[in-house]
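All remarks here apply to the structure that follows.
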Amino acid sequence: MLNCRACLWRCIQPRHVLPANVSNVNLFTHGQRRLRTDAGEYKQRIAQKNGPWAAAAEANTRREAESPSSPTYVQDSFKTSAFAANRKKREIAAMRETPARYETPNLAKLGPRDPRMSDSDWNRRKMELRHLQDPLDLATFVKQELAKGKEDEMLQLVRMACHSMQCVVSWNHIIDHKLANGRVNDAFKIYNEMKKRGQFPDSYTYTIILRGLSTNAQTSGVVERALTVYHSLYAPNSRVEPSIIHTNAALGVCARAGNMDALWGIAGKIPESGPAAANEVTYLTILNAIRQNLIIDAPKGESEEETAARKERGIMEGRRMWEDIVGRWRRADLFIDEELVCAMGRLLLVGSRPRDWDDVLSLIEQTMDIPRLVPRLGSAGRVEAGLPRLRAPNVPQEYRFDDDHLSPDKAPARGDEFLALTPRGVGAVVPNPLVYAKPGNNTLSLIQETCQKIVANKAALEYWELLTDPNTYKVEADFNNLTMRLRILRQNRASSEAVELLQRNMLDKGFTPRAGTFRIAMSTCVRDKNNHNSLKNAGRILQIMTKVLEDADSKAVTMYADLATSFPLAKGSDLIDALTLLHPICKNIRLQLGVGGGEKESSRFSSPQPLKGEEKQDAVAALRRIHGVYDKLIHSNLIAEEAKSPFKAERARLSSFIQRVRFKDSRIEKGWDPPEEEEYRRKHMQREDGYRGGSAEEADGRRYVQREDRHRDGPADEMGETSRNRNNKPAWKNEWARQVERSERRFMYSPQVTNARRAARDM
């Protein structure tokens, strides 16, 4: 095909030129020719115009073309040749052949294939490594795939990639993932394999291992492994320089495992200066470990004197450590934050001496520049303020008084390490270089707990207003702060303020009180029973509880019923109001005992479950206390005799329900009835049988087939099935009881008994 540059026609250059008398060839400019494709139609139109002369010319042309002397079109011999066929085959083969891929440099060294690895997995890992030539891209990909649960695939990928690049970060991700899932042994296997493959651990590897061991401190042998890894950093052939981060991680393992000997062994080797010196995290870990050891890890059979002496030793260790902390803080070598201050303060609250509790306020003044609102214990200002010297009667006798000032040496008195560093009014011209810690919610709870232990109710309110003031420290109280404040109000017998705190500071601000919150508030009213409004405040708390909680709390209801019974200023109207509030709550408790309460997060059942265990005992005790309120109202002269009839009827219903619960419990204790769990399981199986078959006959048939299968198992099973059932009763006795129950049911629902019951009810 050729393009004519003059006329832009697509022209064909013929291989054999036709004779000159062919009529369908026309001449064009520049000597080019154009073949007409519509030659037949063109001839017909010419014949119609020219008449017989055109027909004769066409016949003459046909005869010349059919004559053997005229030239013919010759077929292209190249297309049918073997050479063209072979070339066509080569072209098709070349098109079918996959193009040669460019192999990346990291695929040149993959090492021998693991025999446990299939060919498909090997090819997939190669395909992934083709796009992961950089160690950073590989580590990012490994971390993303580990989050999807592809542990084995990523381990295969890293094993293949470690022959051509340093992929320590990817190994770290795999080790971290194993430790996060609690597989310590697998993590150490990968750690050892990493070193055998020439991938040397870096500083992050040791940090990840030590922190992972701290999260698995409940596993046996964790402390020994942590010490082995930590001491390997100090080996002569170690490639990693140890830092304080590794020390803090190792201390965390010892602290969580409760191994104080190993903790002090590591802490004793910390240098005083340099990059490996202790920082605030180090001191925080040690202080929390001391406090945990004093509270949790107490020896069994320890007396009160031994407990107090052990706490005294722990407090003294914390005090000596705080002297070091303050010294480094004054030299600007250490930063003190709220978490470190509160850790030291809560350690002091564990102590047995009132001096330890009082020093918490001095600690707050020293580190946060918050002035003491209570004079120091034993000072003249405390006597002038009218506060007693000792407000801790449960403290052992030898720890009640501070006699350090009577010692012959001139050692500093107890509590001097918490004195303010810059006295007020002195050196005001010199700027203070200290950076004080900023108080928060943790500080607010610590101060409130301290005021509760030293019984400083007025100071607790002043501290609360000072810290929550928007113009000073702007601390917004959270739920824990409000709960601690509620405990202070209970100690102060402030029932009205407790109700106000529940309504204004909790409900109005979006906090949802829990069952324990209502118990604290209700106990506040019980302690304030000599107040004329205590029963009314308790009723308001009970109303709030019914609105917030799905099910009534039995212990809070018990305290309210006890308050109504023992209220010295109770009138008839007060008891009637109390019973009016308790009536729907009593129905709710009966519903919890019979059917079950609302769903609980800790329950493994999705459907409501009846109360059992201690919760059931608390519910029955609450019903008995409510029954006592009915007794007090009925057996007193607070209301007229005519008005007592509805209360007598309610008391009778409540009494019968309590007796039924007690009777059922006694039968379960004697083994006459199955436990509640087995009863629930039996009903659940019956419900499933109904869902499967739809009819009782089919369910009985299935049970019969199952029974026959059990009989077929052996003579022992057959004897066990025919002689005893699950309740350890003979089969004949169960069948007899079933027949008696069936006859009693026929009698109870007979027409005669039904008519008699209706007549008695109408009378």
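The values are calculated or read from the model by the stated rules, or taken from the named source; none is laboratory data. Please read these numbers as outputs of a predicted model, since none were measured by experiment. Here Cβ is always computed from backbone atoms with ideal geometry, including for glycine, and neighbour counts include all displayed protein chains.
For Ala108, the requirement of being outside the structural domain of Ile190 (by TED's automatic domain parsing), modelled with pLDDT under 90 and of a type outside the set (Val, Ile, Thr) is not met.
Please determine, by comparing only the residues of the stretch 180-201 that are touching a Lys or Arg at 6+ places or on another chain (Cβ under 8 Å) and closer than 24 Å to Thr285 by Cβ, which one is surrounded by the most Cβ atoms within 10 Å (Cβ to Cβ). Step by step, filter the stretch 180-201, then rank; the result is Ala187. Residue count for the stretch 142-173 under the criterion of being assigned to a helix (DSSP H, G or I), farther than 14 Å from Gln199 by Cα and under 24 Å from the mean Cα position of the chain (by Cα): the result is 6.
Just checking: which of the helices (runs of 4 or more DSSP H) contained wholly in the stretch 442-517 hold 3 or more residues that are farther than 23 Å from Thr546 by Cα? Before you say what the answer is, go through the steps one by one.
Values: elements: 457-468, 479-491, 495-500.
Per the criteria, 457-468, 479-491.
Of all residues assigned to the stretch 616-627, none qualifies as being surrounded by fewer than 22 Cβ atoms within 10 Å (Cβ to Cβ), in a loop (DSSP other than H, G, I, E, B) and in contact (Cβ under 8 Å) with a residue 24 or more places away in the chain. Would you mind stating whether Gly628 is at pLDDT below 90 and either out of contact with any Lys or Arg (no Cβ under 9 Å at 6 or more places or on another chain) or not hydrophobic (A, V, I, L, M, F, W, C) (or both)? In short, no. For the condition more than 19 Å from Val350 (Cβ to Cβ) and surrounded by 14 or more Cβ atoms within 10 Å (Cβ to Cβ), Asn216 qualifies.
Give the residue that is surrounded by the most Cβ atoms within 10 Å (Cβ to Cβ), with candidates limited to residues of the stretch 100-158 that are among the polar types (S, T, N, Q) and under 27 Å from Asn181 (Cα atoms). Spell out the reasoning first.
Initial filter on the stretch 100-158 (among the polar types (S, T, N, Q)): 104, 106, 118, 120, 123, 133, 140, 144, 156.
Checking the rest, the ones that are also under 27 Å from Asn181 (Cα atoms) come to 118, 140, 144, 156.
On the way: Ser118: 11, Thr140: 15, Gln144: 12, Gln156: 20.
Checking each candidate, the answer is Gln156.
Of all residues in the stretch 366-389, one or more are crowded, with 20+ Cβ neighbours inside 10 Å, at pLDDT 90 or above and hydroxyl-bearing (Ser, Thr, Tyr). Only one of the numbered conditions (1) assigned to a helix (DSSP H, G or I); (2) within 37 Å of the chain's Cα centre (by Cα); (3) surrounded by 13 or more Cβ atoms within 10 Å (Cβ to Cβ) is violated by Asp551, and that is (1).
Go through the residues of the stretch 111-128 one by one and say whether even a single one is of a type in the set (Lys, Arg) and assigned to a loop (DSSP other than H, G, I, E, B).
Checking the stretch 111-128: at least one residue is of a type in the set (Lys, Arg) and assigned to a loop (DSSP other than H, G, I, E, B).
Here Pro242 meets each of (1) crowded, with 21+ Cβ neighbours inside 10 Å; (2) within 21 Å of Ala187 (Cβ to Cβ) with one exception, condition (1).
Selection within the stretch 254-284: residues that are assigned to a loop (DSSP other than H, G, I, E, B) and charged (D, E, K, R). The member of this set that is nearest to Asp333 (Cα to Cα) is Glu272. Is it the case that Glu224 is within 27 Å of Asp134 (Cβ to Cβ), out of contact with any helix residue (DSSP H, G or I) (no Cβ under 6 Å at 6 or more places or on another chain) and either of a type outside the set (Phe, Trp, Tyr) or assigned by TED's automatic domain parsing to the domain that holds Asp137 (or both)? No; evaluated as a whole, the condition is false for this residue.
Being part of a helix (DSSP H, G or I) and at pLDDT below 95 is the requirement here; does Leu251 meet it? Working first, answer last.
Numbers: part of a helix (DSSP H, G or I): yes; at pLDDT below 95: no.
So Leu251 fails the test.
Take the conditions over 18 Å from Thr282 (Cβ atoms), out of contact with any Asp or Glu (no Cβ under 6 Å at 6 or more places or on another chain) and basic (Lys, Arg) and apply them to Arg211. Does it pass? Spell out the reasoning first.
Working: over 18 Å from Thr282 (Cβ atoms): no; out of contact with any Asp or Glu (no Cβ under 6 Å at 6 or more places or on another chain): yes; basic (Lys, Arg): yes.
It is false that Arg211 is over 18 Å from Thr282 (Cβ atoms), out of contact with any Asp or Glu (no Cβ under 6 Å at 6 or more places or on another chain) and basic (Lys, Arg).
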